[in-house]
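The values are calculated or read from the model by the stated rules, or taken from the named source; none is laboratory data. Quick caveat, the model's predicted, so the values are computed rather than measured. Quick reminder, even Gly has a Cβ in these numbers, built from the backbone with ideal geometry, and neighbours come from all protein chains shown. Surface accessibility is based on the protein's heavy atoms, side chains included, excluding ligands, DNA and RNA. Shrake-Rupley method; radii C 1.70, N 1.55, O 1.52, S 1.80 Å.
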Amino acid sequence: MKTKTGPLSRLSIEHLWGLVVIAGIFIFVNTHPIRPHDFWWHIAAGRELALTGYIPIVDNYSQTMLGTPYPAYQTYWLMEWLLYQIHRLGGAPFIILFQSLIVTTTYALTLWLARQRSGNWRSAALAALFAAALGLNDWNVRPQTITFLIAIIFLNTIHMYHNRPHPWLLLIFPIGMLVWVNSHGSFPLGLALIGLWGVEEAWSALPTRQWRSLRAPAIALSAAALACLLNPRGISVVQYVAFMTTNPVIQNLVTEWAAPTFDTLVGTLFFVGLLLSAALLALSPKRPTPSQLLAFLAFGALGLKTQRGAVWFGLVIGPALAEHITHIGISAQRYINTLGHGPGSDTTTITKPKIQVALNAVMVGIVLLGALSSLPWFKGLWPLSPEKAGLVSAETPVKATEFLLRENLPGPVFHAMPFGSYLIWAAQPQYPVFVDPRIELYPPELWLDYLRISAATAGWEEQLETYGARTLMLSPQEQAGLVAAARESGRWQEVYQDAISVISVRVE
């Protein structure tokens, strides 16, 4: 007679490993405020699209490059429109919740894929934690986040098709790529994932020369590639991607495009992850597959070239590592059994006592309660540091911008570059920006002028005069020299100051 078991009786400590990792990610993103650098200009573009019905094609927000063609809008337009609609409906809390759901679902699917490959929840949880550690620097609200979800959906679909080749699964690739190419310029990575699937099938078919298994990845790759053409720029979108990856201004001024170093947390995590994954692949009793080796080399090289590659290395390699962690664990256990008990060691399954089942249920309740209490509407209940308190990051010049608009200070405004994104959202069209995080929009000579003025080098006031600046909105952290120089000049009157910004007006 079989005893019926409910879901709670089947719950084990292994399941809790995965739940804690995923809930931890959910809590982390929910309690992380919106940072200003990219988010605000993206939803400003989404607002323009929603109000006019047209995707912007030129810069409408700066005083220095007004009217200059800017193709990025056509690359990000879908997510820009969606983020604006979410913000319009529910403001910052809805945006944070949406971001949290996207990120958490991404790593939940990473956990699930790792579990399917390894057959072990603990290995899967470690793999998901590995992937999350390499990605946490990329969890700020921006259009790129949706591409992480699409990528892991692709990887899960490939695994599902390998086990049960349902033709309808192949539709996921062109549909996913259609969203990807209209949301972010990293879409070639999606094609690369499908290509790795083709390599795996080709290697498996090589001994028998039976190439029928290549049909599915070939169809998926062809359909996805054709879907990439369904964007406002058509085939020219490839030129934009090439421009972004080779632009010297981006490479030199944007830290996340630079190569990783041990001087940063993300760089340290990547190097540790790279060495750890190499060791696991080398020590595993199961030989890595050709696609796993190629993925390690290709996405490892991407991570070595740019810090932005770390998140992709984690997502692609993490589920593969779970499989090898399990095999290493089994091998180690067999060795221990040989030393301690010999080959005849007892493997009898012991039924979990009711107290253990109850404790597991209590732990699940505590974890879920913590996740629920982390929702943006309850953020004030958490004892967070000033940097994480609030829904909008403290580095966002919200109060300074309100003062700027309320007092109707004279323009043009010279401001700290990080302030530009929020000014695009909140101060248009009264105050066009000088520069902002759309780094590639501005030529190198303009960035040199910005850096010289910000450093208060000789002739800084004359340079400001050439741009007609009448108000300074400065960061005392990033432009301390210019703040001091303006105070000593006698030609600028300080009218506002808070922890993140100082505003001065030119004395006529």
Restricted to region 56-78 and to residues being assigned to a helix (DSSP H, G or I) and open to solvent by 40 Å² or more (accessible area, probe 1.4 Å), the residue nearest to Met244 (Cα to Cα) is Trp77
Answer yes or no: is there a residue in region 229-244 that is closer than 28 Å to Gly18 by Cα and β-branched (Val, Ile, Thr).
no
Reported set for region 360-403 where residues are part of a helix (DSSP H, G or I) and in contact with a Lys or Arg (Cβ under 7 Å, 6 or more places away or on another chain) is none
Determine whether Arg47 is farther than 17 Å from Gly420 by Cα, charged (D, E, K, R) and either open to solvent by 20 Å² or more (accessible area, probe 1.4 Å) or free of Cβ contacts under 8 Å to residues at least 40 places away in the same chain (or both). no
Of the residues in region 471-506, those that are in a loop (DSSP other than H, G, I, E, B) and either touching a helix residue (DSSP H, G or I) at 6+ places or on another chain (Cβ under 9 Å) or open to solvent by less than 30 Å² (accessible area, probe 1.4 Å) (or both) number 8
Notebook entry, point to check: Quick check: anything in region 224-243 in contact with a helix residue (DSSP H, G or I) (Cβ under 7 Å, 6 or more places away or on another chain) and charged (D, E, K, R)?
Noted result: yes
Pairs returned, first residue in region 243-264 that is surrounded by 15 or more Cβ atoms within 10 Å (Cβ to Cβ), second residue that is of a type in the set (Asp, Glu), beta-carbon separation under 7 angstrom, 6 or more apart or interchain, are Met244/Glu440; Asn247/Glu440; Val249/Glu440; Ile250/Glu440
Picked from region 50-90 (must be among the aromatic types (Phe, Trp, Tyr) and touching a residue at least 40 places away in the same chain (Cβ under 8 Å)), the residue nearest to Gln430 (Cα to Cα) is Tyr61
Review point. Any residue in region 146-165 that is closer than 30 Å to Thr255 by Cα, open to solvent by less than 20 Å² (accessible area, probe 1.4 Å) and in a loop (DSSP other than H, G, I, E, B)?
Key: no
With the structure loaded, tell me whether Phe154 is aromatic (Phe, Trp, Tyr) and under 30 Å from Pro56 (Cα atoms) or whether it fails that test. no
Counting only residues in region 265-290 that are of a type in the set (A, V, I, L, M), buried (at least 16 other Cβ atoms within 10 Å of the Cβ) and in contact (Cβ under 8 Å) with a residue 60 or more places away in the chain, the one nearest to Thr246 (Cα to Cα) is identified as Val266
Of the residues in region 176-197, those that are open to solvent by less than 20 Å² (accessible area, probe 1.4 Å) and assigned to a helix (DSSP H, G or I) come to Gly176, Met177, Trp180, Val181, Gly190, Leu193, Ile194, Trp197
Exercise. Do we have any residue at all in region 280-300 that's within 30 Å of Pro248 (Cβ to Cβ) and among the charged types (D, E, K, R)?
Worked result: no
| query | Would you call Arg122 farther than 30 Å from Val20 by Cα, open to solvent by 10 Å² or more (accessible area, probe 1.4 Å) and not in a loop (DSSP other than H, G, I, E, B)? | reply | no
With criteria (1) in a helix (DSSP H, G or I); (2) surrounded by fewer than 19 Cβ atoms within 10 Å (Cβ to Cβ), Trp81 comes up short on (2)
Say whether the condition of being open to solvent by 40 Å² or more (accessible area, probe 1.4 Å), touching a residue at least 12 places away in the same chain (Cβ under 8 Å) and closer than 27 Å to Val141 by Cβ is met by at least one residue in region 444-461.
-> no
